[in-house]
């Protein structure tokens, strides 16, 4: 796994001008109206500083008013909403699901709601909307519009609501997110969602692993996200979320195959996989703990090594003819998975 000088120069150049930002991708606030969070945005801002969080996605229910409050600030709060629906397909009732829509600001979300009259959106800061039932096909159309408007779609707490045993039932479009770390890295909910994501990867779907605390009472740093971004702004965050170049967890993982970054697709032929690990968040760091990186493809773990998270670690391997590569970081002292990097997929993977 020893990198060359060229390997190190390549990955450093590809991520040049970007730095790590840590935050929450699934939370709620007390913003009045139909919101059901317990913390105001002012309280959120205070606790975020204490927790070392740069951003939080506030996804209040049935309204957009939280994004119009004077405490709202781009780059500190990512806007959006979390509707819930009953979902059907041609063969079965799939039951209730929730879905998270993250947008750069209220304008994009209002435009999305206006394109789907089923929401009965009233418009404006105090306008509310209902939760319509959707077919799988209509959900796919919604996701297409989220993407078109520059937003990001995530299926939150999937195994906590749906009861299907088919991983494909949880995926409505490739290149979307699914919540793997949920509420806390150590809980059974995270374990169930992680196993589901492995099934999704095995089924050949290109779905990105996400983290979310879903805090309704107090802000938390138990299931955070790391994004290497150019600046503290929603536009910059979403630029990388939309392509899967982010980390489910509180460790900075950078990865490339040639000039293709995490979340992307390329031909693996003749290429080297290069990985950098650094910038661990204080919520998952203990100075006396031992940490490990696993490099994984569709056949299993192909390489492991110790990492010193007080500094920057580089690794590189010659790529095999496999379907994807991804990485995980473990706290070996606690036997705890603390970060999941999103895959790079082989464009020839479907023929393997």
Query raised in the report: If contacts are Cα pairs under 8 angstrom and at least 6 residues apart, what is the relative contact order of the chain in percent?
Result: 17
Report task. Please determine, in degrees from 0 to 90 and to the nearest 10, the orientation of helix 106-115 with respect to the longest principal axis defined by the Cα atoms of the chain, where the helix direction is its Cα long axis. Result -> 70
Query - Separation between Cα centres of segment 176-212 and segment 224-291, rounded to whole Å - result: 17
**Report entry** Percent antiparallel among DSSP beta bridges (both partners in the chain, rounded to 5)
**Finding:** 75
Query raised in the report: Using the Cα gyration tensor of segment 126-268, with a ≥ b ≥ c the square roots of its eigenvalues, what is the shape: rounded (a/c below 1.5), prolate (a/b larger than b/c) or oblate (neither)?
Result: rounded
Report summary line: Given a Förster distance of 25 Å, the FRET efficiency implied by the Cβ-Cβ spacing of residue 191 and residue 50, rounded to the nearest 0.05, works out to 0.30
**Report entry** Protection proxy ranking of 244-257, 169-182, 305-318 - average other beta-carbon atoms within 10 Å, highest first
**Finding:** 244-257, 169-182, 305-318
Report task. Assuming 1.567 mPa s and 4 °C, estimate D for segment 257-352 with Stokes-Einstein, Rh taken as the Kirkwood radius over Cα pairs, in µm²/s. Result -> 92
**Report entry** Exposure proxy ranking, count of Cβ atoms within 10 Å, fewest first, for 293, 58
**Finding:** 293, 58
**Report entry** For segment 81-166, alpha-carbon Rg relative to the globular expectation (2.2 N^0.38 Å, N residues)
**Finding:** 1.10
Report task. First measure r as the distance between the Cβ atoms of residue 71 and residue 312, then evaluate 1/(1 + (r/R0)^6) with R0 = 30 Å and state the FRET efficiency to the nearest 0.05. Result -> 0.25
Report summary line: The Cα extents of the chain along the principal axes, largest first and rounded to whole Å, are 58, 48, 35
Query raised in the report: FRET efficiency for residue 6 and residue 86, Cβ-Cβ distance as r, R0 = 51 Å, nearest 0.05?
Result: 0.45
Query raised in the report: Where does the chain land at 222 nm, in deg cm²/dmol rounded to the nearest 500, when only DSSP H runs of n ≥ 4 count, each adding -39500 (n - 2.57), divided by all residues?
Result: -6000 deg cm²/dmol
Query raised in the report: What is the mean projected area of the alpha carbon convex hull for segment 165-212, to one decimal in square nanometres?
Result: 3.0
Query raised in the report: Using alpha-carbon positions, what is the distance between the centroids of segment 34-103 and segment 305-352, in Å?
Result: 30
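Read-outs throughout are calculated quantities, based only on the coordinates presented, and are distinct from any laboratory measurement. Note that the coordinates shown come from a computational prediction; the quantities given were computed from them, not determined experimentally. So basically every Cβ, Gly included, is an ideal-geometry build from the backbone, and we count neighbours across all protein chains shown.
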